[in-house]
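Below you'll find the structure, written out as structure tokens, and then a few comments.
The values are calculated or read from the model by the stated rules, or taken from the named source; none is laboratory data. Model, not experiment: these values are computed from the prediction. Neighbour counts are summed over all protein chains in view; Cβ atoms, including those assigned to glycine, are modelled from backbone coordinates with ideal geometry.
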Amino acid sequence: MEAFDVITLTKGNVSQADRAYAEEKLQQLSKVAPRHIQKLRLKLVFLDVPHLSNPASVQANIDVADGSFVRTRVEATTIREATDLVVERASRKLRRISEQYVARRSRGAANDAWHRGDAPTSRTAHFPRATGERELIRRKAIGTSDATADEAAFDMTQLDYDFYVFTDIETGGGAFLHHTNDGAELVLQYATGANGTEAKYISQIDTINPNPVRTISLTDALKTLDDSQGAFTFFVDTATDEPSVAYHRYDGHYGLLTARSR
């Protein structure tokens, strides 16, 4: 087993023993990675508050030498329980990269479809912070990735995201992916609406929402998020004309993800 560097960040009441357990346990991933793991960034959080049923969370961001990237985040009652679940989940994802990675360079091949294996991660409800106390804590801008809807679905699962923003190479437009509340369906929605466009690579999409995303201000998007009591809301920002996602962070504050155009 080839050792790799682990960079660990802790927040809250995380003991040295739990940190050592997590760092040692995650070294097991080198046995299943397709290539040498160059670096693993580990985040351990324990929020000792009475409102959370799963106060512990473990997140692992894994950089593999072949250029692939895996992100896994799990919440549980203890750091060690969350660590065990992260190792199990990340192992499946690393094996999947080796066995059935989507053939991006050979689109159109009969066997390039992505197959779902893991159910979406079960998330703990965000901290019930009063609306008047919520602040926009995190803003993150990303360059939109060009992909088919099926490739985006694969990436969304590999990165363990609840939602995903990308540029559909078949339509040229901004698009969003998300699971339904029960996790049973994967929904695709285009920023400008479907407009009758029939993309070819949508075999892993359960539902296409034909409606365009609302073009509203960030202030209105945060109000919509609060009124809907959902985890996130998609919108096109009137100030930037860019597809964006406003979401509730685990601490009850707001986060904002904006997909910057090239």
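Regarding Thr77, is this residue of a type in the set (Val, Ile, Thr), in the same structural domain as Ala22 (by TED's automatic domain parsing) and over 19 Å from Glu24 (Cα atoms)?
Yes, satisfied.
Looking at the stretch 203-239, which of its residues are part of a loop (DSSP other than H, G, I, E, B), surrounded by fewer than 17 Cβ atoms within 10 Å (Cβ to Cβ), touching a helix residue (DSSP H, G or I) at 6+ places or on another chain (Cβ under 9 Å) and not small (Gly, Ala, Ser)? Within the stretch 203-239, Arg214, Thr238 qualify. Criterion first (surrounded by 18 or more Cβ atoms within 10 Å (Cβ to Cβ), touching a helix residue (DSSP H, G or I) at 6+ places or on another chain (Cβ under 9 Å) and of a type in the set (Phe, Trp, Tyr)) does Phe69 satisfy it? So Phe69 fails the test.
Are any residues in the stretch 43-100 among the aromatic types (Phe, Trp, Tyr) and in contact with a Pro (Cβ under 7 Å, 6 or more places away or on another chain), and if so, which ones? Working first, answer last.
From the stretch 43-100, those among the aromatic types (Phe, Trp, Tyr) are 46, 69; that's our starting set.
Passing the criteria: only Phe46.
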